[in-house]
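Engineer: Here you go, one structure.
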Amino acid sequence: MKVLKFGGTSVGTAESLANVKNIVTSCSEQVIVVVSALGGVTNDLLQMARMAEAQRPEWEQMLAGVKERHLSVIDAVVPRERQAQCKATIERFIDQALYGYYGLLFSNKALPDFHKEQIRDAIVSHGEIMSSAIVASMIDGAVPHYSPNFIKTKDVDSERILDNSTFGLIASEFGGRREPVHVTQGFISEDSTTKQITNLGRGGSDFTAALIAAALDASALEIWTDVDGFMTADPRTNPDATVIPEMTYAQAQAMCEAGAKVIYTPTIGPVALKHIPVWVKNTFNPSAKGTVIIDRN
Ligand code: ADP
Ligand code: ASP
Ligand code: MG
């Protein structure tokens with residue numbers, strides 16, 4: 001079994017989602033697919049929250065645009081017989097849940113800060129909730145999962161950390177399942193005490209995928225993104241950057257800590273502990289070899 005994580009650009013358009021489908025369905029072993037929100041949607045959800053909190057009514061029109069974007073992706077990638085149900089799901093999340101949360105922020109200027117923060121966490125979780133609903137409907141027989149059921153956080157000294165129950169919960173969620181494809185959300189989690197929705201921080205979908213891979217002793221973790229691999233520098237700012245074919249966990253960790261955002265830094269720990277190879281691959285150029293991160297020997 002392996003874990004495949006697709007980032008925002010990989011699930012951002014109908015064209016890229018078609019690549020995702022090909023990559024997933026051509027796997028010969030069981031796969032757990034972890035997805036980010038459609039590219040840019042996390043930022044949009046947070047921007048609308050800021051608008052609503054500032055009593056700026058433009059959030060409503062922007063939310064209509066986000067809805068339109070998801071519905072048109074469904075038209076393009078979800079098989080016809082599952083489109084109506086998938087659209088109804090997205091409409092429910094937007095017209096009921098999100099509309100309700102933004103409305104609360106908009107009309108209650110005096111909400112206490114902690115309550116606003118809980119509402120923002122609930123809002124932002126919908127990026128991954130919606131993208132995973134689309135990806136699960138796109139692939140025949142894919143089994144949908146809800147990651148806050150098994151990725152748990154707790155707050156210690158006002159810092160949010162992973163709750164240890166996570167590993168056992170992942171094992172019971174996926175252990176013994178025989179279906180070839182499973183789909184779940186990256187990034188989002190649940191507080192083990194308060195049961196409020198939480199998240200693992202911006203870029204956290206990589207970490208979700210690493211936790212699942214480690215808990216299940218996966219044969220590999222594949223991080224599918226928009227560059228040909230882990231590179232010597234960010235290719236956006238350094239045109240001379242080249243792909244590093246092979247790295248150790250320690251090298252990857254050091255480069256992530258120095259700011260290489262191709263992988264969210266906490267991702268390396270759990271997979272290094274279990275010696276699980278991590279591949280960094282390009283959804284837009286799947287035949288490129290990519291980077292493998294392994295132990296030195
Ligand atoms: P995703 O949405 O797939 O998680 P990210 O935007 O988080 O993708 O990460 C991929 C981006 O990381 C690339 O587009 C690239 O600009 C940037 N990046 C920064 N440093 C590096 C690096 N050393 N190697 C490759 N990409 C890097
Ligand atoms: N969607 C979240 C973000 O934009 C998590 C992720 O993409 O990894 O930060
Ligand atoms: Mg990322």
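The values are calculated or read from the model by the stated rules, or taken from the named source; none is laboratory data. The shown structure was predicted, so the numbers you read here are calculated from the model rather than taken from an experiment. Neighbour counts are summed over all protein chains in view; Cβ atoms, including those assigned to glycine, are modelled from backbone coordinates with ideal geometry.
Engineer: Can we say Thr283 is within 16 Å of Ser10 (Cα to Cα) and among the hydroxyl-bearing types (Ser, Thr, Tyr)?
Structural biologist: It is true that Thr283 is within 16 Å of Ser10 (Cα to Cα) and among the hydroxyl-bearing types (Ser, Thr, Tyr).
Engineer: Quick check on Gly201: is it away from ligand 2 (no atom under 16 Å from the Cβ) and on the phi > 0 side of the Ramachandran plot?
Structural biologist: No: the conditions fail for Gly201.
Engineer: Then there is this: Can you tell me which residue among Val11, Val34 is among the β-branched types (Val, Ile, Thr), more than 18 Å from Ile197 (Cβ to Cβ) and under 16 Å from the mean Cα position of the chain (by Cα)?
Structural biologist: Result: Val11 is the single residue among Val11, Val34 that is among the β-branched types (Val, Ile, Thr), more than 18 Å from Ile197 (Cβ to Cβ) and under 16 Å from the mean Cα position of the chain (by Cα).
Engineer: Somewhere in segment 172-194, is a residue away from ligand 2 (no atom under 16 Å from the Cβ), modelled with pLDDT of 95 or more, in contact with a Phe, Trp or Tyr (Cβ under 9 Å, 6 or more places away or on another chain) and of a type in the set (Gly, Ala, Ser)?
Structural biologist: Yes, there is a match, as at least one residue in segment 172-194 is away from ligand 2 (no atom under 16 Å from the Cβ), modelled with pLDDT of 95 or more, in contact with a Phe, Trp or Tyr (Cβ under 9 Å, 6 or more places away or on another chain) and of a type in the set (Gly, Ala, Ser).
Engineer: Continuing with the same structure: Quick check on segment 214-250: of everything there that is under 23 Å from Val35 (Cβ atoms) and of a type in the set (Ser, Thr, Tyr), which residue is surrounded by the fewest Cβ atoms within 10 Å (Cβ to Cβ)?
Structural biologist: Top of the filtered list is Ser219.
Engineer: Scan segment 252-276 residue by residue and report those that are closer than 16 Å to Gly229 by Cβ and touching a residue at least 24 places away in the same chain (Cβ under 8 Å).
Structural biologist: Scanning segment 252-276 gives Ala252, Met255, Ala260, Lys261, Val262, Ile263, Thr267, Ile268.
Engineer: Oh, and also: Among the residues of segment 19-48, how many are surrounded by fewer than 22 Cβ atoms within 10 Å (Cβ to Cβ) and more than 19 Å from Pro180 (Cβ to Cβ)?
Structural biologist: 6
Engineer: Here's another thing I want to ask about it. Have a look at Asp206, Asp234 and point out the one that is within 12 Å of ligand 1 (Cβ to nearest atom) and over 21 Å from Ile161 (Cβ atoms).
Structural biologist: Just one listed residue meets the conditions, Asp234.
Engineer: Taking segment 135-162 as the search range and keeping residues that are assigned to a loop (DSSP other than H, G, I, E, B) and in contact with a helix residue (DSSP H, G or I) (Cβ under 9 Å, 6 or more places away or on another chain), which one is surrounded by the most Cβ atoms within 10 Å (Cβ to Cβ)?
Structural biologist: Among those residues, the one meeting the criterion is Ile151.
Engineer: Find the residue count for segment 267-291, including only residues that are crowded, with 19+ Cβ neighbours inside 10 Å and not aromatic (Phe, Trp, Tyr).
Structural biologist: The qualifying residues number 13.
Matching residues to (1) touching a helix residue (DSSP H, G or I) at 6+ places or on another chain (Cβ under 7 Å); (2) of a type in the set (Asp, Glu):
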site	(1), (2)
Glu15	no, yes
Asn19	no, no
Val24	no, no
Cys27	no, no
Gln30	no, no
Val41	yes, no
Ala49	yes, no
Gln61	no, no
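Engineer: Any residue in segment 101-124 that is within 16 Å of ligand 3 (Cβ to nearest atom) and either within 29 Å of Gly175 (Cβ to Cβ) or in contact with a Leu (Cβ under 8 Å, 6 or more places away or on another chain) (or both)?
Structural biologist: Scanning segment 101-124 turns up at least one residue that is within 16 Å of ligand 3 (Cβ to nearest atom) and either within 29 Å of Gly175 (Cβ to Cβ) or in contact with a Leu (Cβ under 8 Å, 6 or more places away or on another chain) (or both).
Engineer: While we're here: Return the residues of segment 37-58 that are among the small types (Gly, Ala, Ser) and within 24 Å of the chain's Cα centre (by Cα); say none if nothing qualifies.
Structural biologist: Residues satisfying the conditions are Ala37, Gly39, Gly40, Ala49.
Engineer: Given the conditions (1) farther than 27 Å from Ser132 by Cα; (2) of a type in the set (Asp, Glu); (3) surrounded by 22 or more Cβ atoms within 10 Å (Cβ to Cβ), and given that Asp206 satisfies all but one, which numbered condition is not satisfied?
Structural biologist: For Asp206, the exception is condition (1).
Engineer: Could you check segment 163-203 and list, in sequence order, the residues that are within 16 Å of ligand 3 (Cβ to nearest atom) and loosely packed, with under 15 Cβ neighbours inside 10 Å?
Structural biologist: Scanning segment 163-203 gives Gly201, Arg202.
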